[in-house]
Amino acid sequence: MTILTLSPTAPAHERGNRTRKPHRPRRTGSHAFLLLCVAYFFLPLWWLVVASTKSNSALFNGAHGSLFFDDEMSFFDNLAQLTTRGDGLYWRWIGNSLFYAVSSGVGATVLAVLAGYGFAVYHFRGRNLMFSVLLGAVMVPSTALVIPTFVLLSNLRLTDTVWAVVLPSLLNPLGVYLMRVYIQDSVPKELLEAARVDGAGELRTFATIALPLLKPAVVTVLLLTMVAAWNNYFLPLAMLSNPDLLPVTVGLGQWQRLSGAGAGGEQVWNLVVTGAFVSVIPLIIAFLGLQRYWRGGLTLGGVK
Amino acid sequence: MERKLLAAVTVAVAAVTALTGCGSSSTAGAAAKATCTNKIVKADAPQVTVWAWYPAFQEVVDLFNTAHSDVQICWTNAGQGNDEYTKFSTTIEAGKGAPDVVMLESEVLSSFAIRKALLDLTQFGANDVKANYTEGAWRDVSSGSAVYAIPVDGGPMGMLYRKDIFDKYGVTVPKTWDEFAQAAKKLSEGGFKGKIADFPTNGRAFTQALFAQKGATPYQFDLQKPTEVTVDLADSGSKEVLKYWTDLAKQKHVATDEAFTADYNTKLVNGSYAVYLAAAWGPGYLKGLTGADPTAIWQAAPVPQWDPAAPVQINWGGSAFAVTAQARDKALSAKVAKEVFGTQEAWKIGIEKGALFPLWKPMLESGYYKNLAYPFFGGQKINQDVFLAAAAGYKGFTFSPFQNFAYDKLTEQVTAASTGKKSSDQALDDLHSTVVKYAKGQGFTVTEK
Amino acid sequence: MTTSIVATSGKAPRKTLRPERPGSLHRRRQRVGWLFVAPFTAVFIAFLIVPLGYAFWLSLHTKSLAFGTSFTWFENYAKVLDDPAFVRGVVRVAAFAVVMVPLQILLALSVALVLDTLTTRLAAFSRLMIFVPYAVPAVIGAMMWGFLYSPNFSPANGLFEFFGAQAPNFLGSDSIFWSLVNVVTWQWVGYYMIIIYSALQGVDPEIYEAARLDGAGGWQTAIRIKTPIISSTLVLITVFSLIGTLQFFNEPQVLQAVAPSVLIPEYTPNMYSFAQAFSYSAFNYASAISFSLGVVVFIGSYLFLFLTRKRSGLS
């Protein structure tokens, strides 16, 4: 394969601004293709936007079909209902989701950076064995882990606490893998050796020489682990029973089942839809706002 | 710098190992400090933790806690039906983490009781309150002489119909299933765009209830003899009922939409079906979407019969409070199960806020409930007209200790029959043999009928 | 799909350090290496190895409803292999893998290749829009599609009526396969696209310049030059997509709410394991199903890596 050196200090996106003359004749076709894709990927979200402005009954038979706004605008009414139901339970769920995402995101990233560095730089005994176990363990589906993890956590009396969600989420083997590969490719060992020769200790070498070089990878791993935690559904579903601790994904799922349940049920489809709409906004903003940081990290060592 | 980092790493390692590996030495006595959704009124009274999913339960709990100084309910909404069962199941396997009192539908009581997860409440005076419930309701929560839960609400069935549609097409309210089939035909042929009713492929308890009306008693099971079960799923009654519905479906006179989806809920109210064969909680459920069809005029009538001379009342199912084997104070938990829905005030909340159908006789037989007029039905007193008789005539039902499996397979076979993949008789024969095979695999001595 | 973290990598880890001389320095470095890895290892052991071991132990027992638990060695595994529901599930996810994985990767690759040639504002906007579904939690995405597939909510009705046709039943037993493929494609293509796009942007443009001088057209450059250069990236995201597909769970589980009779509890092996554990309380059997599925995933992904070993450089 072609050897190209990717300087770790210059994330790919910065170099992406290079000017390359596009082939004239294909431009219209390319743009048409892109617009088609945009339409496909955006349509469901458009539906969500529209649906969140409808009242419960307009949702089912509104005036202008499901892709257009109804005559009546109920978005703020829905929002008000969302806020008052269960004393603001919904916003609590959003807050919980943010908390789970940030705490397990940061925690998992710290562990991944440390472990990735350890794997990349040191040849300790059992390194290769551990690394293979790490990759192999991902193959067993996580449904098998629910009962054992519950037993473990309930022995520690941690079920139905935030720890039951945060602690297992600290585990992110792929983050470790990612960091290892990135460090091996972008932290020159000569640099580390030089620091050691200068008398710097191992940890100091890590903190002052290696860490600054890892910024794009850290941001990326952080975002990926945060997304994983934000999307987490099954673990909190099994571990938590207190509604005040639920993340928004599980909470909305509960409302959806409440709406379809029959006995003692209550049809709150408008809240399910509006709640879903509101809950996707933070992540979209985070991604759009931070895109210049994470896009560079995604290649992580890129193509060699 | 280096020292700081080293310290940080050490602390991190220590914290993680402390939390994970070594912590298990701490012997878990009482459950972790419970967090309640409700406010505890009397802080020094002992608490009983309860899982229940009805939103209206909040006020019932407050009422209970204000009225009791010897015990307080600590309520958690752990999810609707299956969500709660998933968690409860997990706690049973783990041997800890279960609440003291748990809300369960009567159909799953045997399935949990056979796992020794529930207490027999007769040792805590369950029979003292037996007189407060109808025979059928009590049988639903009993197994032999044991009682595994205290009934809360029920689902006696009736027929909710659209009077405007019936009138428009000149259909009279059917009293028998023959008349129902004729009405279905008349509506279709008269140009009605919808269908008279839906026969959902995933009706589960609903389908089972329709079979029971024609005499099906699919299971005999007694937890005192937990290794023996009698299975009779391919009886002539069930076969006749399934044939009746699949024939109507083939002629396109009834719909076969899946139940409990958003889509189905819409169709219930937007004029797609002229009839909703409903449990007593059905009306409360419809109310959530009243705006969907402003022209609708709803009325309630008794469910059609096979033999009007010998009417059989059926039940969709309801919920009950059971005490778990992990309960800390078992007697106190049983007291909560017995008393939480044991007052007129609690039931007024249940009826008005939760649209529940009470199984507690003092409320069931009260003048208040009998004379309750429902604006949704144009002021009709639907309890008096329909549901009270349905509840009184219900004789109870015995479920299997593997009811979820049996229902999943029922769905599979009804789907096959109503899509024409196999005959209705064949579907029930297959259902029977699958369930028998499963039961044998689980170690039961199976008697087939 | 359950795998949500995917990233690209280059070739095999490069040996960065020569074997160190034995001695106290070496031992010290070993210790420091362990220190770095220790926090992660603790979590890894606590939340993966121990639970896995426990689950495996469970799978060696048999528990029947009527009679308690007994140790039965590998009897459960023999039962799993003989269980038509499990086998049907594996065949089904294999079919999903055959359809869904190439579809996603090809679509992502084509979009990325097109984007790579464009620097217009529309292109930048498209890139964002196509990526946005990744920011929607899988559960909420599936919930949304559940509404979109339901006849009463679906915009498809209006669309098809406009052309004088009747909308298909997206949730029927024949169409549900494609409906699921669509949900997953919608959710993940943008993500794969961004990874491929970033890899493409990392390539030195001078290579293309050389190709252009050789007379290669746009298509030829894309297929003959660009795609091979980023092949290791492609292999890696394919592996992750493959693992996710074989463990297919979230989307069908959530869509079950709108198609309960079609998406039966044994639709995928992972769902089957879940149903056995939580609906039928057969936790031991469920563990055996999960481990059997783990073996299938292992074989599947290693087979793929073996077939593409030259490309991936991950021997």
>> Step by step: first the residues of segment B:71-107, then only those that are touching a helix residue (DSSP H, G or I) at 6+ places or on another chain (Cβ under 6 Å) and in a helix (DSSP H, G or I), then the one that is surrounded by the most Cβ atoms within 10 Å (Cβ to Cβ). Which residue is that?
In response: B:106
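Could you check segment B:269-280 and list, in sequence order, the residues that are without any contact (Cβ under 8 Å) to a residue 40 or more places away in the chain and of a type in the set (A, V, I, L, M, F, W, C)? Write out each step before concluding.
Just the residues of segment B:269-280 that are without any contact (Cβ under 8 Å) to a residue 40 or more places away in the chain, to begin with: B:269-270.
Result: B:269, single match.
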> Of all residues in segment A:133-147, which are surrounded by fewer than 21 Cβ atoms within 10 Å (Cβ to Cβ), facing chain C (nearest Cβ under 7 Å) and touching a residue at least 12 places away in the same chain (Cβ under 8 Å)?
Replying inline: A:137, A:142
> Consider residue A:40 against the criteria (1) hydroxyl-bearing (Ser, Thr, Tyr); (2) farther than 27 Å from residue C:190 by Cα; (3) facing another protein chain (nearest Cβ under 8 Å): it satisfies all of them except one. Which criterion is unmet?
Replying inline: (2)
> Between a first residue in segment C:101-115 that is on the phi < 0 side of the Ramachandran plot and a second residue that is basic (Lys, Arg) and part of a helix (DSSP H, G or I), which pairs have beta carbons less than 8 Å apart while being 6 or more apart in sequence or on different chains?
Replying inline: C:113/C:226; C:115/C:127
> Which of the residues belonging to segment A:240-290 are closer than 17 Å to residue A:100 by Cα, assigned to a helix (DSSP H, G or I) and within 14 Å of chain B (Cβ to nearest Cβ)?
Replying inline: A:243, A:244, A:245, A:249, A:250, A:251, A:252
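Please pick out the residue among B:342, B:354, B:378 that is in contact with a helix residue (DSSP H, G or I) (Cβ under 9 Å, 6 or more places away or on another chain) and surrounded by 19 or more Cβ atoms within 10 Å (Cβ to Cβ).
Working: B:342 fails: surrounded by 19 or more Cβ atoms within 10 Å (Cβ to Cβ); B:378 fails: surrounded by 19 or more Cβ atoms within 10 Å (Cβ to Cβ).
Within the list B:342, B:354, B:378, the selection yields B:354.
May I ask you to list the residues in segment B:71-87 that are in contact (Cβ under 8 Å) with a residue 40 or more places away in the chain and within 18 Å of residue B:330 (Cα to Cα)?
Going through segment B:71-87, the residues in contact (Cβ under 8 Å) with a residue 40 or more places away in the chain turn out to be B:71, B:73-74, B:76-77.
Across segment B:71-87, the qualifying residues are B:71, B:73, B:74.
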> When residues of segment A:51-87 are filtered for being surrounded by fewer than 14 Cβ atoms within 10 Å (Cβ to Cβ) and within 25 Å of the chain's Cα centre (by Cα), how many remain?
Replying inline: 0
> Does residue C:123 satisfy being closer than 30 Å to residue A:34 by Cβ, out of contact with any Ser or Thr (no Cβ under 7 Å at 6 or more places or on another chain) and within 14 Å of chain A (Cβ to nearest Cβ)?
Replying inline: yes
> Of all residues in segment C:165-187, which are within 13 Å of residue C:99 (Cβ to Cβ) and without any contact (Cβ under 8 Å) to a residue 40 or more places away in the chain?
Replying inline: C:178, C:182
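Which of the following residues is part of a loop (DSSP other than H, G, I, E, B) and acidic (Asp, Glu): C:266, C:209, C:251? Walk me through it before giving the result.
Details: C:209 fails: part of a loop (DSSP other than H, G, I, E, B); C:251 fails: part of a loop (DSSP other than H, G, I, E, B).
None of the other options fit; the residue is C:266.
Take residue A:235 and tell me if it is crowded, with 24+ Cβ neighbours inside 10 Å, out of contact with any strand residue (DSSP E or B) (no Cβ under 6 Å at 6 or more places or on another chain) and not acidic (Asp, Glu).
Working: crowded, with 24+ Cβ neighbours inside 10 Å: no; out of contact with any strand residue (DSSP E or B) (no Cβ under 6 Å at 6 or more places or on another chain): yes; not acidic (Asp, Glu): yes.
Here the answer is no, as residue A:235 does not meet what is asked.
Every residue, every condition in (1) within 13 Å of another protein chain (Cβ to nearest Cβ); (2) at positive phi; (3) in contact with a helix residue (DSSP H, G or I) (Cβ under 7 Å, 6 or more places away or on another chain); (4) modelled with pLDDT of 85 or more, yes or no:
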| site | (1), (2), (3), (4) |
| --- | --- |
| C:64 | yes, no, no, no |
| C:68 | yes, no, no, no |
| C:72 | yes, no, no, yes |
| C:75 | yes, no, no, yes |
| C:89 | yes, no, yes, yes |
| C:95 | no, no, no, yes |
| C:152 | yes, no, yes, no |
| C:160 | yes, no, no, no |
>> For a quick check of your reading of the model, give me the residue pairs whose first member lies in segment B:113-125 and is modelled with pLDDT of 95 or more, whose second is surrounded by fewer than 23 Cβ atoms within 10 Å (Cβ to Cβ) and part of a helix (DSSP H, G or I), with beta-carbon atoms closer than 7 Å and at least 6 apart or on different chains.
In response: B:117/B:92; B:119/B:330; B:124/B:330; B:124/B:331
>> Based on this model, can you work out whether residue B:241 counts as among the aliphatic types (A, V, I, L, M), surrounded by fewer than 18 Cβ atoms within 10 Å (Cβ to Cβ) and either under 25 Å from the mean Cα position of the chain (by Cα) or at pLDDT 95 or above (or both)?
In response: no
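Look at segment C:212-223 and say how many of its residues are over 27 Å from the mean Cα position of the chain (by Cα) and either facing chain A (nearest Cβ under 10 Å) or not in a loop (DSSP other than H, G, I, E, B) (or both).
Residues in segment C:212-223 being over 27 Å from the mean Cα position of the chain (by Cα) and either facing chain A (nearest Cβ under 10 Å) or not in a loop (DSSP other than H, G, I, E, B) (or both): 7 in total.
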>> Here are the criteria: (1) in contact with a Ser or Thr (Cβ under 7 Å, 6 or more places away or on another chain); (2) within 7 Å of chain A (Cβ to nearest Cβ); (3) surrounded by fewer than 24 Cβ atoms within 10 Å (Cβ to Cβ); (4) more than 28 Å from residue C:224 (Cα to Cα). Tell me which single one residue C:137 does not satisfy.
In response: (3)
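What residue, among those in segment A:215-240 that are within 30 Å of residue B:78 (Cβ to Cβ) and of a type in the set (Gly, Ala, Ser), is modelled with the highest pLDDT? Step through it out loud before you land on a result.
Residues of segment A:215-240 within 30 Å of residue B:78 (Cβ to Cβ): A:225-240.
Pick out the ones that are also of a type in the set (Gly, Ala, Ser) and you get A:228-229, A:238.
Working: A:228: 84, A:229: 88, A:238: 83.
Only one residue fits best here, namely A:229.
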> In segment C:64-120, which residues are closer than 25 Å to residue C:272 by Cβ, part of a loop (DSSP other than H, G, I, E, B) and hydrophobic (A, V, I, L, M, F, W, C)?
Replying inline: C:65, C:66, C:67, C:73, C:74
> If you check residue C:234 against the conditions, is it more than 10 Å from chain A (Cβ to nearest Cβ), touching a Ser or Thr at 6+ places or on another chain (Cβ under 6 Å) and either of a type outside the set (Ser, Thr, Tyr) or not in a helix (DSSP H, G or I) (or both)?
Replying inline: no
>> Being within 7 Å of another protein chain (Cβ to nearest Cβ), closer than 18 Å to residue C:178 by Cβ and free of Cβ contacts under 8 Å to residues at least 60 places away in the same chain is the filter here; which residues of segment C:239-260 pass it?
In response: none
>> I'm trying to understand the selection: among the residues of segment A:81-120, which are under 19 Å from residue A:286 (Cα atoms) and more than 14 Å from chain C (Cβ to nearest Cβ)?
In response: A:91, A:95, A:99, A:102
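Tell me which residues, restricted to segment C:184-225, are among the aromatic types (Phe, Trp, Tyr) and either under 30 Å from residue A:45 (Cα atoms) or touching a strand residue (DSSP E or B) at 6+ places or on another chain (Cβ under 8 Å) (or both). Give the derivation first.
First, pick out the residues of segment C:184-225 that are among the aromatic types (Phe, Trp, Tyr): C:186, C:188, C:191-192, C:197, C:208, C:219.
Result: C:186, C:188, C:191, C:192, C:197.
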>> I need the full set of residues from segment B:425-449 which are more than 10 Å from chain C (Cβ to nearest Cβ) and charged (D, E, K, R), in order please.
In response: B:425, B:429, B:430, B:437, B:448, B:449
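The values are calculated or read from the model by the stated rules, or taken from the named source; none is laboratory data. Bear in mind that the values here come from a model prediction, so they are computed numbers and not experimental data. In this analysis, Cβ positions are derived from the backbone assuming ideal geometry, glycine residues included, and neighbour counts consider all displayed protein chains.
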